[in-house]
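To keep things clear, I will list the structure first and then write my remarks on it.
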Amino acid sequence: MSENQIPFLFDIPSVSQLTDKIKNVLEQNFIDILVEGETSNVNQSRNGHYYFTLKDSNASLPCVIWRSTAQRLDLNLTDGQQIVVGGDIQVYAPHGRYQMIVSLVQQA
């Protein structure tokens, strides 16, 4: 630290602490929400989970449908579908990003 620099006199959170705060705010306030958009980058993993992006002309939202939910919904997701999804926002801390955990899918 140079002689001219004044040390910070307040608590500075670590990346993990800040991410935890963001996670708490998002996950407590975005429960059972609905959103409409177009599917893109649809990928069904070997274990049966669906990963895709829901987008419109100005934004995109990463989404996940767990295998058990996909089986219950009897899904056939493909790119370019206009759908409404319902679910919860979840923060995936290791990547510092949020995604929607989808529990409901309907054609728009």
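A few notes on this one:
- Counting only strands (runs of 3 or more DSSP E) that sit wholly inside the stretch 21-74, those with at least 2 residues that are in contact with a His (Cβ under 7 Å, 6 or more places away or on another chain) and either farther than 21 Å from Gly96 by Cβ or modelled with pLDDT of 95 or more (or both) are 60-65.
- The set of residues from the stretch 25-50 being exposed (fewer than 15 other Cβ atoms within 10 Å of the Cβ), in contact with a strand residue (DSSP E or B) (Cβ under 7 Å, 6 or more places away or on another chain) and within 20 Å of Asp74 (Cα to Cα) comprises Leu34, Glu36, Ser40, Asn41, Asn43, Ser45.
- Subset of the stretch 4-24 (residues that are of a type in the set (A, V, I, L, M) and surrounded by 12 or more Cβ atoms within 10 Å (Cβ to Cβ)): Leu18, Ile22
- Take the conditions (1) touching a residue at least 40 places away in the same chain (Cβ under 8 Å); (2) in contact with a Ser or Thr (Cβ under 8 Å, 6 or more places away or on another chain); (3) open to solvent by 50 Å² or more (accessible area, probe 1.4 Å); Gly80 misses just one of them, which is (3).
- Close pairs from the stretch 18-37: first within 21 Å of Thr53 (Cβ to Cβ), partner of a type in the set (Ser, Thr, Tyr), Cβ under 6 Å, at least 6 apart: Leu26/Tyr98
The values are calculated or read from the model by the stated rules, or taken from the named source; none is laboratory data. As the structure is a computational prediction, the values presented were derived from the model and not from experiment. Cβ: placed from backbone, ideal geometry, glycine included. Neighbour counts: every protein chain shown. Ligands, DNA and RNA are stripped out before the accessible areas are found, and what is left, the full protein with its side chains, is counted by its heavy atoms. Shrake-Rupley method; radii C 1.70, N 1.55, O 1.52, S 1.80 Å.
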